[in-house]
Amino acid sequence: MSAPRVLEGEIVARGRKVAVVAARFNDFIVASLLKGATAAWLERGGPAEDLLVARVPGAFELPVAARRLALSGRYDAVVALGCVIRGDTPHFEYVSGECARGLQLASLETGVPVIFGVLTVETVEQALERAATTAGNKGAEAMEAALEMASLMASLSS
């Protein structure tokens with residue numbers, strides 16, 4: 001009995017073009033996510049000049065910018081970074097839910113991987129843990145997912 005053929009992407013930045021869309025709201029968290037994503041890009045061999053960072057006001061605006069970048073045809077993947085912290089109103093559900101839905105639609109409509117690097121947390125402490133500069137930075141993880149998906153999509157197309 002033969003084994004199935006398995007395709008997996010490689011986490012390599014060299015030869016790729018990636019855009020990052022980062023929210024300014026809760027920037028004390030998003031800045032750490034962005035730092036992690038940029039470090040992961042550079043560690044994986046990506047030249048700084050091949051990484052675009054676009055800033056938007058908040059998480060709700062991430063999908064439209066991500067979709068525009070994906071439609072441009074210039075990027076193999078788009079990473080969306082933001083942070084939504086639950087408060088005392090239903091605002092959290094509206095922003096986080098529509099952000100996730102919009103980013104998923106941007107990816108599905110364009111065929112370009114749009115990676116959800118948006119923290120949706122209960123507390124500032126949870127956000128700080130996930131944006132840690134030492135280990136477990138979700139921005140770095142999002143960049144690695146983008147690189148892996150870009151590689152996989154290239155393999156699926158050939």
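The values are calculated or read from the model by the stated rules, or taken from the named source; none is laboratory data. Quantities reported herein were computed from a predicted structural model and do not represent experimental measurements. So basically every Cβ, Gly included, is an ideal-geometry build from the backbone, and we count neighbours across all protein chains shown.
For the reader, a short list of remarks on this structure follows.
- Restricting the first member to the range 6-29 and to residues that are among the aromatic types (F, W, Y), and the second to residues that are assigned to a loop (DSSP other than H, G, I, E, B), the beta-carbon pairs closer than 8 Å and six or more apart or on different chains are F25/P57; F25/G58.
- Boolean, A154 is surrounded by 13 or more Cβ atoms within 10 Å (Cβ to Cβ), touching a helix residue (DSSP H, G or I) at 6+ places or on another chain (Cβ under 9 Å) and either more than 19 Å from A40 (Cβ to Cβ) or in contact (Cβ under 8 Å) with a residue 60 or more places away in the chain (or both): no
- Those residues of the range 113-136 which are over 12 Å from the mean Cα position of the chain (by Cα) and crowded, with 22+ Cβ neighbours inside 10 Å, in sequence order: A127, A131
- Some residue of the range 39-50 being out of contact with any helix residue (DSSP H, G or I) (no Cβ under 8 Å at 6 or more places or on another chain), at pLDDT below 95 and surrounded by fewer than 22 Cβ atoms within 10 Å (Cβ to Cβ): yes
- Hits in the range 50-76 - residues which are closer than 19 Å to R101 by Cβ and among the hydrophobic types (A, V, I, L, M, F, W, C): V56, A59, F60, L62, V64, A65, A66, L69, A70, L71
- Strands (runs of 3 or more DSSP E) enclosed by the range 34-126 - at least 1 residues per element that are in contact (Cβ under 8 Å) with a residue 60 or more places away in the chain, among the small types (G, A, S) and within 24 Å of G136 (Cα to Cα): 77-85, 114-121
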